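Values in this text are rule-based calculations from the coordinates and carry no lab data. Not measured: the values here are computed from a predicted model. Please note: Cβ atoms are built from the backbone with ideal geometry, for glycine as well, and neighbour counts cover all protein chains shown.
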Amino acid sequence: MKTRFAPSPTGPLHLGHAYSALLAHRLARDAGGTFLLRIEDIDQGRARPEWDAQIFDDLRWLGLDWPRPVLRQSDRLPAYRAALSALWDRGLLFPCTCRRRDIEAAASAPQEGAGPVHGPDGLVYPGTCRGADRRGPLPADAVLRLDMRKAAEAVGEVGFVEEGSGPGAEHGSIGVLPDTLIHQIGDVVLGRRDMGTSYHLSVVVDDAHQGITHVVRGQDLFDATAIHVLLQALLGLPTPRYHHHALIRDAAGRRLAKRDDARALATYRAEGLTPLDIYAKIAAQIPDFTV
Ligand code: GLU
Ligand code: ZN
């Protein structure tokens, strides 16, 4: 078994991250497997060296360890471009020049049927640029979207094994139908102009590259998993097992966000809390988490 914790250095780690990392670490340890840390820093506009250093510091303080060297996604651009090229050469990508407000306007234009649909990345793309030229080499400086209808038809039904629980407590074998991919997810962005890749593409390429067998992460990413298993099928990569876990919430029941510094591990540390206090805070919300 190989698990990973894959934070982005765009803010402080909070209680939810601590739970995710501890769970991934424990699952691997209990199975005699390996736990990896991976730094997901493709968004160089938002990543900060201070946050990066703080991640290592916080995780070590919590008692975790992992093999070095740690993979940094900012070093892996050529691998992501190779994967994009493979999809581009099959005509599965198209360049998109829409701005956010164009997408909002097109998605909410009056048409027959239901109103705008929200998918894992926000509004389902209305298809404006699908007719763009797909010939020639992979465009270097463009937003690249997946042609979801073509992709879904190429692979048919995809699926994965859920060992944790989805938001509606889904567990076991989860199938994702082409119809769901086309209508509920749509033409997601796989290459962002400013970074030449995207979260979805990088995470899939790296989980395979590192031989991750169990992806442990929050239920907030459950819907994105459908995109990831589709990409695995398209790229001929193995599908790991998934363990989506419950989210840690604040006193008002909202899930924690990076911007909530109040629950940052660094804040608790500065207030004199110990790692055991952090474990106890997690256990107070997660019934089967043992301190
Ligand atoms: N880097 C992502 C985040 O910090 C998580 C990656 C994953 O678990 O797939 O939200
Ligand atoms: Zn477009």
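Across the chain, the relative contact order, built from alpha-carbon pairs under 8 Å that are at least six residues apart, equals 22 percent.
Each 5 Å bin from zero holds the following percent of Cα-Cα pairs in the chain: 1, 5, 11, 15, 18, 16, 14, 10, 6, 3, 1, 0. Considering only alpha-carbon pairs that sit under 8 angstrom and 6 or more positions apart, the relative contact order computed for the range 1-96 is 31 percent.
Sorted largest first, the spans of the alpha carbon positions of the range 251-291 along the three principal axes are 27, 25, 14 Å. With the cut-off at 1.5 for a/c, could you classify the range 5-63 from its C-alpha gyration tensor as rounded, prolate or oblate? Prolate, since a/c reaches 1.5 and a/b exceeds b/c. Counting every C-alpha pair in the range 83-124, the share spaced more than 11 angstrom apart comes to 72%. Between the Cα long axis of helix 49-62 and the first principal axis of the chain there is an angle of about 50°, rounded to the nearest 10. Plainly put, the range 6-103 has a radius of gyration that is 1.09 times its Kirkwood radius, both from alpha-carbon atoms, as the Rg/Rh ratio. Residues of the chain were split at every exposed loop site, defined as trypsin sites (Lys or Arg not before Pro) in a DSSP loop with at most 11 other C-beta atoms within 10 angstrom, and the longest piece left, sites excluded, is 136-253. The sum of -39500 (n - 2.57) across all DSSP H runs of n ≥ 4, divided by the residue count of the chain, sets its helix-only mean residue ellipticity at 222 nm to -10500 deg cm²/dmol. When the alpha carbon gyration tensor of the range 79-171 is reduced to an equivalent ellipsoid, the three semi-axes, largest first, read 25, 22, 13 Å.
Average projection, convex hull of the Cα set of the range 111-265: 11.9 square nanometres. Evaluated at q = 0.12, 0.20 Å⁻¹, the base-10 log of the normalised Debye intensity for the range 216-291, with identical point scatterers placed on the Cα atoms, takes the values -0.49, -0.95.
Whole angstrom only: what separates the Cα centroid of the range 8-56 from the Cα centroid of the range 142-156? Value for the Cα centre distance between the two parts: 30 Å.
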